[in-house]
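The values are calculated or read from the model by the stated rules, or taken from the named source; none is laboratory data. Because the structure is predicted, anything quoted here is derived from the model rather than measured. No Cβ is skipped: glycine too gets one built from the backbone with ideal geometry, and neighbour counts run over all protein chains shown. The accessibility values were calculated without ligands, DNA or RNA, using every heavy atom of the protein model including side chains. Shrake-Rupley method; radii C 1.70, N 1.55, O 1.52, S 1.80 Å.
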Amino acid sequence: MKPRLRSPSLVAFGKFLTISGILLLFFFTFFYNTTPCTKSSHLSFPVEVEVKLSNSSKTIDYPTKTNISHIKFVLVGCAKTWKNRRPYTEAWWRPNETRGNIFMDSPPPKEFLPWPQTSPPFQLNEDTSKLPVYPKLANPIEARIFRSLLDSFRLGDNEDVRWFVVADDDTVFFVDNLVQVLAKYDHTKRYYVGMYSEAVISNFLFSFDMAYGGGGYALSYSLAEEVAPLMDDCLERYPFMHTSDQLSFSCLSDLGVPLTLERGIHQIDLLGDISGLLSAHPQSPIVTLHHFDNIDPLFPSKTRIQSINHLMEAAKVDQSRLVQQTIGYHWKSNWSVSISWGYSAQIYESIIPRSVLRKPLETFAPWKNGPPPVYMFNTRLPTSDPCLAPHIFFMESVKKIRADGLVLSTYRRKAPRRLLPCFFAGNHSADHVITIRVFSNATIRKEPGKIECCNVKYTGGMNIINIRMRDCRKGEVIA
């Protein structure tokens with residue numbers, strides 16, 4: 001006798017009940033489960049959500065916007081290297097305006113006494129050899145550097161401090177941009193602001209989520225206040241670590257504080273000529289540069305110190321545009337012009353879209369060799385193709401020429417390109433151009449991330465190009 005078939009409607013109804021039951025079980029398990037992740041009070045999950053939402057919507061008004069007086073620098077150096085590194089610090093330090101200290105491992109030699117006011121006030125680090133963990137430390141020098149934040153906090157002169165900024169004695173800051181960057185964040189909350197290395201291998205060996213102290217990093221006051229008393233506990237927990245950056249990162253990670261990235265902070269884990277990087281800087285305010293002893297001078301025919309001071313001349317006029325890239329075209333000549341304001345200018349004898357020119361020319365070498373990819377950003381390889389190789393100019397001078405804030409920056413050719421013209425683009429050689437003049441307005445600060453456009457004016461046969469920077473029109477394509 002054949003088995004009796006069930007009704008199709010009953011089968012479907014049974015499947016519906018089964019699926020509905022599973023969905024209800026999932027819903028109640030994940031949306032009404034009141035078991036907390038950690039031991040807590042009697043508050044249930046819905047109440048906690050309501051509290052968090054009310055807190056996040058609260059607006060806090062401060063009597064003053066963050067300014068340079070709210071930032072305390074924790075600079076770390078060494079008595080043996082201070083003679084050579086002192087000019088790096090004094091290039092940006094503003095006596096009676098910037099606040100903080102340079103922490104060192106031993107008292108300064110007599111040649112530095114009396115201690116000059118052009119340098120940050122000197123402070124001796126606490127002797128780490130007296131710590132119980134000292135015999136177990138893998139690198140006592142780095143432990144001293146790590147504890148400089150604690151030493152600074154213990155000085156007690158923290159009135160109105162909103163940010164602690166930690167860096168090396170060979171880190172160069174662009175202070176106005178630093179203030180602008182930190183003013184975006186609420187200092188009453190826990191913030192760890194910095195940037196990873198440019199080199200993939202450095203991040204691979206240490207961490208892709210770690211701020212590098214050479215480039216500098218900032219801790220909000222509330223975070224510094226919380227972490228300072230715990231720093232010796234962190235040393236007890238991580239005595240095997242070899243760098244202060246690792247120690248800081250691990251300590252902050254254990255508190256549940258992630259890194260907030262700012263692309264204008266530069267460790268410069270690179271070697272040689274970094275003009276390619278600075279000529280196509282990200283559209284973020286440049287905040288720091290580092291490792292000057294391992295790279296070529298920023299400007300040709302100048303020493304490292306002269307180069308930094310020269311760049312600072314532009315920084316004094318308009319930091320918001322410093323090394324920010326603006327691209328324009330002279331269509332009649334088929335030229336693309338790229339301006340890194342206050343630093344360099346380039347002419348290409350063909351029309352190249354911004355999507356290409358925004359990538360740095362790889363004029364530099366990696367800090368350490370490793371398998372590709374080498375850098376944390378895309379690059380363009382140098383070429384001898386006359387349609388793709390730039391004519392290179394460097395900033396000669398920057399000055400305000402009118403009371404309304406009009407600024408003239410002048411860029412002069414580095415050297416002859418020594419290539420044939422680009423025949424493909426119509427054989428319009430730019431070999432005879434010696435000077436590029438750029439007009440901008442310093443009274444209007446460039447907004448971070450905002451792209452500016454420009455008008456390129458050139459009369460055939462002349463050796464000067466005039467460029468006027470302006471806001472981009474809606475829908476304007478830079479290509």
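Per residue, the convex hull spanned by the alpha carbons of region 272-323 comes to 77 Å³.
With Rh defined as the Kirkwood radius, the inverse of the mean 1/r over Cα pairs, the Rg/Rh of region 144-285 is 0.96. The residues of region 259-322 present an accessible area of 31 Å² per residue when probed at 1.4 Å with all protein chains retained. Compared with the rule-of-thumb size 2.2 N^0.38 Å for a compact globular protein, region 347-438 has a Cα radius of gyration ratio of 1.36.
Here the accessible area is traced with a 1.4 Å probe on the protein chains. For the chain, carbon and sulfur cover 57 percent of it.
What the Cα convex hull of region 149-198 gives, in volume per residue, is 126 Å³. The alpha carbons of region 342-393 stretch over 34, 22, 20 Å along the principal axes, in descending order.
Within region 212-319, the ratio Rg/Rh, alpha carbon atoms throughout and Rh by Kirkwood, equals 1.06. Can you work out the base-10 log of I(q)/I(0) for region 194-249 at q = 0.32 1/Å, using the Debye formula on its C-alpha atoms alone? Log10 of I(q)/I(0), two decimals: -1.26. The alpha carbon radius of gyration of region 321-479, expressed as a multiple of 2.2 N^0.38 Å, is 1.07. How large is the translational diffusion coefficient of region 70-137 in µm² per second when you combine the Kirkwood radius over alpha carbon pairs with Stokes-Einstein at 37 °C and 0.692 mPa s? For the chosen part, D equals 248 µm²/s.
Taken one residue at a time, the phi angles of region 93-108 give Karplus couplings (6.51, -1.76, 1.60, θ = phi - 60°) of 5, 10, x, 6, 10, 6, 10, x, 8, 9, 9, 10, 8, 8, x, x Hz. Gly and Pro are set to x.
The charge dipole of region 209-307, taken about the Cα centre with unit charges on the Cβ atoms of Lys, Arg (+1) and Asp, Glu (-1), comes to about 500 debye, rounded to the nearest 20. Extension gain for D186 to L419 (0.36 nm times residue separation, less C-alpha to C-alpha distance): 78.6 nm.
Normalised per residue, the accessible area of region 115-234 is 39 Å², obtained with a 1.4 Å probe and no contribution from ligands, DNA or RNA. Excluding ligands, DNA and RNA, the accessible surface per residue across region 352-424 is 59 Å² with a 1.4 Å probe. Full extension of the chain between D209 and F112 gives 31.1 nm of extra length, using 0.36 nm per residue less the Cα-Cα distance. Shape call for region 56-188 from the C-alpha gyration tensor, a ≥ b ≥ c root eigenvalues: rounded (a/c under 1.5), prolate (a/b greater than b/c) or oblate? Oblate, since a/c reaches 1.5 and b/c is not below a/b. Stretching the chain fully between L255 and H432 yields a gain of 57.7 nm (0.36 nm per residue, less the alpha carbon separation). What shape does the chain take by its C-alpha gyration tensor, where a ≥ b ≥ c are the square roots of the eigenvalues and a/c under 1.5 counts as rounded, a/b above b/c as prolate, and the rest as oblate? Cα axes put the chain in the oblate bin. With the highest mean first, a sort of the peptides 96-105, 293-302, 73-82 on other beta-carbon atoms found within 10 angstrom per residue produces 73-82, 96-105, 293-302.
Applying a threshold of 22 Å to the alpha-carbon distances of K302/K457; K65/K189; K83/K399; K72/K450; K332/K457; K400/K474 flags K302/K457; K83/K399; K72/K450; K400/K474 as lying beyond it.
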